[in-house]
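Everything below concerns the one structure shown next.
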Amino acid sequence: MKMKNPNYAIVAAMSILMLASCKSGKNKGGSLPNDGQVHGIAAGSRYSLPKPPGMVYIPQGSFHMGPSDEDPAFAFSARNRAVSISGFWMDATEVTNMEYRQFVYWVRDSVAARKLGYVKAGADGDEAVDWQKMKTFKWNDPKNVEALASTDMILSPEDRIFGKKEVDVNQLVYHSEIFDLKEAAKRENAKRPRKDFIEKKDVRIYPDSLVWIRDFAYSYNEPMTKRYFSHPAFDNYPVVGVSWKQATAFCEWRTHYLNSFLIGKNRVQESDFRLPTEAQWEYAARGGRSQSMFPWGSYYLRNKKGCLLANFKPGRGNYPEDGGFYTVRADAYWPNDYGLYCMSGNVAEWTSSIYYEGRNNFQHDMNPDVRWNAKDDDPPLMKRKIIRGGSWKDVGYYLQTGTSTYEYQDSAKSYVGFRCVIDLPAASGRRR
């Protein structure tokens, strides 16, 4: 009989060879036994990701979320109720200037590489930065700076001070691409194509150092503007002047940075780094203590010796009384029972949650979360993001674990920073 499809014989022969190569028990390639039973297929090779550097595990649990004391404004915008939280990893400290600078330098180098043509084409034709070639590029070499001077990455002559050729920080743009899972999960969107839920945008990522002057009228803070992000004395201090958009861009970059390494080692990718939800932040801040007003478990801002326990604005404004004038090191003061530093004071922290007065009335009691991915043309009311913990310039009320306030997602402040979380199991021997 004449075959209708000449490729059929090839496929059949290959199938026979594949079946013949399968023997009972695992072969050298690790194939499954051919005994007619279901044994399952692992998602990847065995690999245990070590403890994420600088992070601590927050175990799953339940707690009463909301104010632990009277509401002085009688706003009733956050009611006390029981919620349950699954386990996650959280940065022990706020993201520091040194850590955020790694992000800035990575973006700087990638932008410079593209402008200089240090790229290579992949099998699909897409261009990517040739990092091997970029390793030879030295920023302190005048020839390299001169090569970039012909591009818009270096300040134009009229913007230079004493002719110094500096990088134009407005050119440090991170290209963000995310998949909106919340929108894709809606029933009415079940038949829409995947591309409808992919959001692409460019984010300027350099911190706004002018916030030190802008936030305080008739106040001399120029030294902080000039030195805070760039001087090594502040390396381990929390980064500020970073908007909610920039903080989320950092989380996205941190995810890609890790997963690119894992892919290069033929290991499976991990979960995304992200900002904590409001409920996660409060649960972590309480440190496993029930109804505690502050992370250290006390109703007071001082210990038995009269020492202040956080960096804030004590009394009528004696800023240096707590040991710091502006911010302090991100690991200053004692950590809470989960090992988290400065969950109250130092800098307030961005969360992923939208600030909405009635949010507690309809949130789920399992990992409660209310988010809104506000667009640039959305009204300001929809751009309010919850910040928690209070800061070095706030009074004690804002340091309470149950106190919520907000800032607008496209604004940057000298008293707002952030820390990341990632959803990984606690066990070190998990299957990979």
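For the reader, a short list of remarks on this structure follows.
- Checked against the criterion of being out of contact with any His (no Cβ under 6 Å at 6 or more places or on another chain) and surrounded by 18 or more Cβ atoms within 10 Å (Cβ to Cβ), the candidates 65, 98 yield just one match: 65.
- Restricting attention to the range 272-295, the residues being closer than 26 Å to residue 52 by Cα, touching a residue at least 60 places away in the same chain (Cβ under 8 Å) and assigned to a loop (DSSP other than H, G, I, E, B) number 6.
- For the range 396-404, the condition of being closer than 20 Å to residue 274 by Cα, part of a loop (DSSP other than H, G, I, E, B) and over 17 Å from the mean Cα position of the chain (by Cα) holds for none of the residues.
- Sub-6 Å Cβ pairs linking a first residue in the range 143-160 that is without any contact (Cβ under 8 Å) to a residue 40 or more places away in the chain to a second residue that is of a type in the set (Val, Ile, Thr), at least 6 apart or interchain, are 148/154, ordered by first then second residue.
- Filtered by the rule that a residue be among the acidic types (Asp, Glu) and within 19 Å of the chain's Cα centre (by Cα), the range 339-358 gives a lone residue, 349.
- Per the conditions (1) surrounded by fewer than 23 Cβ atoms within 10 Å (Cβ to Cβ); (2) more than 25 Å from residue 293 (Cβ to Cβ); (3) within 17 Å of the chain's Cα centre (by Cα), the sole criterion not satisfied by residue 420 is (1).
- Any hit, the range 404-413, residues being buried (at least 20 other Cβ atoms within 10 Å of the Cβ), out of contact with any helix residue (DSSP H, G or I) (no Cβ under 6 Å at 6 or more places or on another chain) and under 28 Å from residue 209 (Cα atoms): yes
- Candidate set: the range 255-271, residues that are in contact with a helix residue (DSSP H, G or I) (Cβ under 9 Å, 6 or more places away or on another chain) and more than 19 Å from residue 202 (Cα to Cα); chosen: the one surrounded by the fewest Cβ atoms within 10 Å (Cβ to Cβ): 269
- Among helices (runs of 4 or more DSSP H) entirely within the range 177-227, having at least 3 residues that are closer than 21 Å to residue 249 by Cα singles out 181-184.
- Listed by first and then second residue, the pairs with beta-carbon distance under 6 Å, at least 6 apart or on different chains, first residue in the range 243-254 and surrounded by fewer than 24 Cβ atoms within 10 Å (Cβ to Cβ), second modelled with pLDDT of 95 or more and in a helix (DSSP H, G or I), are 253/103.
- Among the residues making up the range 300-335, those that are over 21 Å from residue 97 (Cα atoms), touching a residue at least 24 places away in the same chain (Cβ under 8 Å) and not hydrophobic (A, V, I, L, M, F, W, C) are 313, 314, 319.
- A single member of 126, 159 is loosely packed, with under 14 Cβ neighbours inside 10 Å and modelled with pLDDT under 85, and it is 126.
- Counted residues, the range 222-239 - those being more than 22 Å from residue 173 (Cα to Cα) and touching a residue at least 12 places away in the same chain (Cβ under 8 Å): 5
- Residue check for residue 329: closer than 20 Å to residue 274 by Cβ, among the basic types (Lys, Arg) and surrounded by 18 or more Cβ atoms within 10 Å (Cβ to Cβ): no
- Selection within the range 296-319 - touching a Leu at 6+ places or on another chain (Cβ under 7 Å) and either surrounded by fewer than 15 Cβ atoms within 10 Å (Cβ to Cβ) or part of a loop (DSSP other than H, G, I, E, B) (or both): 296, 301, 302, 303, 309, 310, 312, 314
- Inclusion of residue 214 among residues that are of a type in the set (D, E, K, R) and either modelled with pLDDT of 95 or more or under 21 Å from residue 107 (Cβ atoms) (or both) is warranted.
- Enumeration of residues in the range 112-169 that are among the β-branched types (Val, Ile, Thr) and more than 29 Å from the chain's Cα centre (by Cα): 136, 145, 151, 161
- Across the range 253-274, not a single residue is classified as basic (Lys, Arg) and under 16 Å from residue 210 (Cβ atoms).
The values are calculated or read from the model by the stated rules, or taken from the named source; none is laboratory data. Note that the structure is a prediction, hence the values are computed from the model and not measured. Here Cβ is always computed from backbone atoms with ideal geometry, including for glycine, and neighbour counts include all displayed protein chains.
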